[in-house]
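Here's the structure we're looking at; comments come further down.
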Amino acid sequence: MTVLVTGAAGYIGSVVAERLIEHGHAVAALDDLSQGHRAAVPGGAGFFEGDLRDRRRLAEVMAAVRPDAVVHLAAEALVGESVTDPAKFFEVNVTGGLNLLDAMRAADVRRLVFSSTAAVYGEPEEVPIREDARLRPVNAYGASKLAFEQALPWYASAYGLSHISLRYFNACGATAARGEHHVPETHLIAILLEVALGLRPDIRIFGDDYDTPDGTCIRDYVHVGDIADAHLLALDRIDRIESDAFNLGNGTGFSNGEVVEAARRVTGHPIPAIAADRRAGDPARLVASADRARDVLGWSPLFPGLDEMIATAWAWRKDRLRPYSG
Ligand SMILES: NC(=O)c1ccc[n+]([C@@H]2O[C@H](COP(=O)([O-])OP(=O)(O)OC[C@H]3O[C@@H](n4cnc5c(N)ncnc54)[C@H](O)[C@@H]3O)[C@@H](O)[C@H]2O)c1
């Protein structure tokens, strides 16, 4: 297939592009480089700089690439910022996403795999969270992702779009060549590794009085390579299965305290941790039921263990103080 990957200069998108190329697909990358890195885009991919908000640019790219499918990862994705500046999140994640769908429609591109998120659920009523759980996001990031997801069945029934939404839980880990580097960094494991590298003095852990065994929040971590593999499976099956949403997680939560301990074991660094106040809207436990992805997509994560996930991230990061800066 020829696949257009939006957000391919970003953390997960670059690994998705890498895996697609490894499996013989032709990849074109679209990214505005607002957060991603040009150097993260695999050499074998064609690169198009462009913004989802630029309808003309999207039409040009679609006409030049003529993809068989689009994998749509480009997004504004900083949860905290989405609360203080929701307009940007709706503009990029909803309006920008709809621009992409319209460009696809004009070019008769009818397959879409979309990066959705556990944030569409908000505070869960039951854990593990199934796809048919109540959808009530507690931040504008989750709300914008959900709004786009909810447009998809309408485009399916009216315009024949086949769509698969993959609701990732917490992505982590790295391949040999690509890993996580955001500025600012907000993800726990990437921050822990920055402490181990001496780039930060310590880590703040938000909340130690939750109703969990060690009082810290529990999250479901999933390896970026396993996430990328789910995209390959989705593309392989998209013509044969019903359009739907799928959770991607390991079904095993790890507390923030357990993640800090694991990072200390893997890096051999003491990593000082400081208890801080809870953040608004942080649920105690977010753990996925990924049964649907296993049953329907045939997805089976290769890296479910916390230490091994962190070890891949550390192997990539430990010799790269400034990743992707040449
Ligand atoms: N990282 C996670 O744990 C996680 C969890 C759930 C869902 N997701 C989703 O996965 C996707 C990728 O996440 P990531 O962690 O790799 O983020 P990332 O920020 O590293 O990648 C996003 C990419 O999109 C690009 N982009 C942003 N706005 C754009 C625009 N207007 N036009 C074109 N490109 C634009 C950025 O430059 C960046 O390269 C996002 O859609 C995110 O919401 C991530």
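Couplings for region 246-254, taken from phi via the Karplus curve 6.51 cos²θ - 1.76 cosθ + 1.60 with θ = phi - 60°, read 9, 6, 10, x, 9, x, 10, x, 10 Hz in order; Gly and Pro are left as x. For His269 and Leu302, a Förster radius of 22 Å and the Cβ-Cβ distance give a FRET efficiency of 0.25, rounded to the nearest 0.05.
With both labels modelled 7 Å from their Cα along Cα-to-Cβ, the Glu22 to Arg204 distance reads 3.7 nm. In order along region 141-147, phi translates into HN-Hα couplings of 4, x, 5, 5, 5, 5, 4 Hz, rounded to whole numbers, per the Karplus curve 6.51 cos²θ - 1.76 cosθ + 1.60 with θ = phi - 60° and x for Gly and Pro. Relative contact order of region 1-45, taken over Cα pairs closer than 8 Å and 6 or more residues apart, is 48 percent. Taking every C-alpha pair closer than 8 Å and separated by at least 6 residues, the mean separation divided by the residue count of the chain gives a relative contact order of 19 percent. Here the Kirkwood formula puts the hydrodynamic radius of region 58-152 at 14.2 Å, using every distinct Cα pair. With the simple spin-label model, which puts each label point 7 Å out from Cα in the Cβ direction, the Arg130 to Arg240 separation comes to 2.5 nm. Relative contact order, whole percent, for region 208-326 stands at 38, derived from Cα pairs under 8 Å and 6 or more residues apart. Each part gets one Cα centre, and for region 160-235 versus region 250-326 those centres are 5 Å apart.
Karplus-derived 3J(HN,Hα) values for region 89-97, using 6.51 cos²θ - 1.76 cosθ + 1.60 with θ = phi - 60°, are 5, 6, 5, 7, 7, 9, 4, x, x Hz; glycine and proline are entered as x. Here the chain carries DSSP beta bridges of which approximately 5% are antiparallel, counting only pairs with both residues inside.
Convex hull volume of the Cα atoms of region 242-326, normalised per residue: 178 Å³. Tell me, what is the FRET efficiency for His182 and Lys318 to the nearest 0.05, using R0 = 22 angstrom and their Cβ-Cβ distance as r? E between His182 and Lys318, to the nearest 0.05, is 0.80.
Computed from the coordinates by the stated procedures, all read-outs in this text should not be read as laboratory data. Computed from a prediction, not measured in an experiment: that's the story for all the values here. Reconstructed Cβ throughout: ideal geometry from the backbone, glycine too, with neighbour counts over all protein chains shown.
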